[in-house]
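One structure below.
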């Protein structure tokens with residue numbers, strides 16, 4: 001049993017650090033895409049395509065709002081309470097980690113699609129608008145260690161399980 005002891009604080013620190021590095025890396029990548037679009041704006045061939053540009057902006061809006069809905073659904077109190085009751089702190093940490101990475105992928109997808117739109121149409125404004133949304137999503141999903149600790153300590157207790 002001693003080998004199976006689960007140190008909550010060290011596990012939170014370890015997983016939080018890994019996820020935070022991933023999100024920060026994606027933020028840096030998004031900013032680099034803006035820099036590339038800005039520096040390459042004179043090299044892009046203008047091929048106006050209003051239909052593609054509008055479709056891309058609708059897709060960016062859909063993904064941005066979808067990330068908010070996804071986060072609210074995955075981090076709902078009742079869901080976290082059930083996970084804490086069934087799987088304990090380890091399951092909660094796994095859920096926090098996976099959901100945060102999924103949300104970060106929403107932001108990365110927005111950034112890449114926006115930059116691809118710039119490459120296709122030559123309109124660097126697509127990258128600027130899309131990356132702005134991507135950065136909001138990435139900052140929205142950035143994990144704070146204190147919130148992870150609160151969630152794991154609150155919902156990870158056996159008495160936090162819903163009464164039946």
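Results, tabulated for the structure shown:
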| read-out | value |
| --- | --- |
| Residue match in segment 64-82 (condition: surrounded by 18 or more Cβ atoms within 10 Å (Cβ to Cβ) and either farther than 19 Å from residue 137 by Cβ or out of contact with any helix residue (DSSP H, G or I) (no Cβ under 6 Å at 6 or more places or on another chain) (or both)) | yes |
| Residues of segment 78-103 classified as closer than 27 Å to residue 26 by Cβ and in contact (Cβ under 8 Å) with a residue 40 or more places away in the chain, total | 10 |
| Number of positions in segment 39-56 that are assigned to a loop (DSSP other than H, G, I, E, B) and touching a residue at least 24 places away in the same chain (Cβ under 8 Å) | 8 |
| Given (1) under 22 Å from the mean Cα position of the chain (by Cα); (2) without any contact (Cβ under 8 Å) to a residue 40 or more places away in the chain, number of the condition residue 16 does not satisfy | (2) |
| Residue 164 vs. criteria closer than 20 Å to residue 71 by Cα and either surrounded by fewer than 20 Cβ atoms within 10 Å (Cβ to Cβ) or modelled with pLDDT under 95 (or both) | no |
| Residue 55 being surrounded by 14 or more Cβ atoms within 10 Å (Cβ to Cβ) and within 23 Å of residue 136 (Cβ to Cβ) | no |
| Where residue 26 falls short, out of the listed (1) under 20 Å from residue 101 (Cβ atoms); (2) free of Cβ contacts under 8 Å to residues at least 24 places away in the same chain | (2) |
| Top-ranked residue of segment 108-147 - restricted to ones that are touching a helix residue (DSSP H, G or I) at 6+ places or on another chain (Cβ under 7 Å) and not in a helix (DSSP H, G or I), ranked as surrounded by the fewest Cβ atoms within 10 Å (Cβ to Cβ) | 142 |
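The values are calculated or read from the model by the stated rules, or taken from the named source; none is laboratory data. Note that the structure is a prediction, hence the values are computed from the model and not measured. Every residue, glycine as well, gets a Cβ built from its backbone with ideal geometry; the counts of neighbours run over all protein chains shown.
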